[in-house]
1. Among Tyr56, Tyr117, Tyr66, which is the only one that is among the hydroxyl-bearing types (Ser, Thr, Tyr), in contact with a Lys or Arg (Cβ under 8 Å, 6 or more places away or on another chain) and closer than 15 Å to Leu28 by Cβ?
2. Restricted to region 134-156, and to residues that are part of a helix (DSSP H, G or I) and surrounded by 13 or more Cβ atoms within 10 Å (Cβ to Cβ), which residue is modelled with the lowest pLDDT?
3. Conditions: (1) open to solvent by 80 Å² or more (accessible area, probe 1.4 Å); (2) closer than 23 Å to Lys119 by Cα; (3) modelled with pLDDT under 90. Thr17 meets all but one. Number of the miss?
4. Being at pLDDT below 90 and surrounded by 14 or more Cβ atoms within 10 Å (Cβ to Cβ) narrows it down to one residue among Lys35, Lys9, Lys29; which is it?
5. Give the residue, chosen from His77, His62, that is in contact with a Phe, Trp or Tyr (Cβ under 6 Å, 6 or more places away or on another chain) and open to solvent by less than 40 Å² (accessible area, probe 1.4 Å).
6. Looking at Ala100, Ala166, Ala110, Ala131, can you tell me which residue is open to solvent by less than 80 Å² (accessible area, probe 1.4 Å), under 23 Å from Glu27 (Cα atoms), touching a His at 6+ places or on another chain (Cβ under 7 Å) and not β-branched (Val, Ile, Thr)?
7. Of the numbered conditions (1) modelled with pLDDT of 95 or more; (2) open to solvent by 20 Å² or more (accessible area, probe 1.4 Å), Leu67 fails exactly one; give the number of that condition.
Amino acid sequence: LFYASAGVKGVWHDGMTYSTSPISGEELKAWMLAKLLWNPTLDEKTLETEFTDGYYPSPGKHIRAYLDVFEDSIATHGDWLNLSEMPSAKFLSIDALCKAWGYLELAENAVKDRPEYLKRVQLQQLSVRSAFVMNWNWLRDTSACRHIAWPMDESAEVERGRCVDAAGDFGITLSKLT
């Protein structure tokens, strides 16, 4: 409606780029973009709830809480998201990563007996897990200095292996981790 009234004849959207990196939320991004292209007056939080409750059912609220952690952290740190965001971006603080991981674990537990939804949650976990792995020493030291419980395995190599294996399950190549 909006684009048609402005004379736009078409829109190109490039998305679903799982082959080379664990970009979190590609399904949500594509779905929301499609909805908002049809009607830009729709409320984004309402759309987010509709999507997460439909795509993840029971853990939808945990997925929204995970998304809110990073939205708040980005707003606090003033970072911008782009296609090549470094895992050392300010919004990927130990606080945000630990809190996000906690919500993703709750989401995983909510669907542990439902494999079709479990895979979706595990794909979301991959982006957080890879951020931990890529900044292991700095995050580990920061958590110890600040007395923040470390949510990952004690071994960087074990977590790196889990991350690479999980990525492989989705056909993602994580060349920066190997």
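The values are calculated or read from the model by the stated rules, or taken from the named source; none is laboratory data. Predicted model only: the values in this text are computed from it and were never measured. Using ideal geometry, Cβ is built from the backbone for each residue, glycine included, and neighbour counts are taken over all protein chains shown. Quick note on the areas: whole protein, heavy atoms, side chains included, nothing else; ligands and nucleic acids left out. Shrake-Rupley method; radii C 1.70, N 1.55, O 1.52, S 1.80 Å.
1. Numbers: Tyr117 fails: in contact with a Lys or Arg (Cβ under 8 Å, 6 or more places away or on another chain); Tyr66 fails: in contact with a Lys or Arg (Cβ under 8 Å, 6 or more places away or on another chain).
Checking each option against the conditions leaves just Tyr56.
2. Restricting attention to region 134-156, the residues satisfying the condition of being part of a helix (DSSP H, G or I) are 134, 136-145, 156.
So of that shortlist, the ones also surrounded by 13 or more Cβ atoms within 10 Å (Cβ to Cβ) come out as 134, 136, 139-140, 142-143, 156.
Details: Met134: 89, Trp136: 93, Leu139: 95, Arg140: 95, Thr142: 96, Ser143: 96, Ala156: 92.
Going through the qualifying residues, I end up with Met134.
3. Exception for Thr17: condition (1).
4. Values: Lys35 fails: at pLDDT below 90; Lys9 fails: surrounded by 14 or more Cβ atoms within 10 Å (Cβ to Cβ).
Just one listed residue meets the conditions, Lys29.
5. Values: His77 fails: open to solvent by less than 40 Å² (accessible area, probe 1.4 Å).
Of His77, His62, the one residue that is in contact with a Phe, Trp or Tyr (Cβ under 6 Å, 6 or more places away or on another chain) and open to solvent by less than 40 Å² (accessible area, probe 1.4 Å) is His62.
6. After applying the criteria, what remains is Ala110.
7. With (1) modelled with pLDDT of 95 or more; (2) open to solvent by 20 Å² or more (accessible area, probe 1.4 Å) applied to Leu67, the lone miss is (1).
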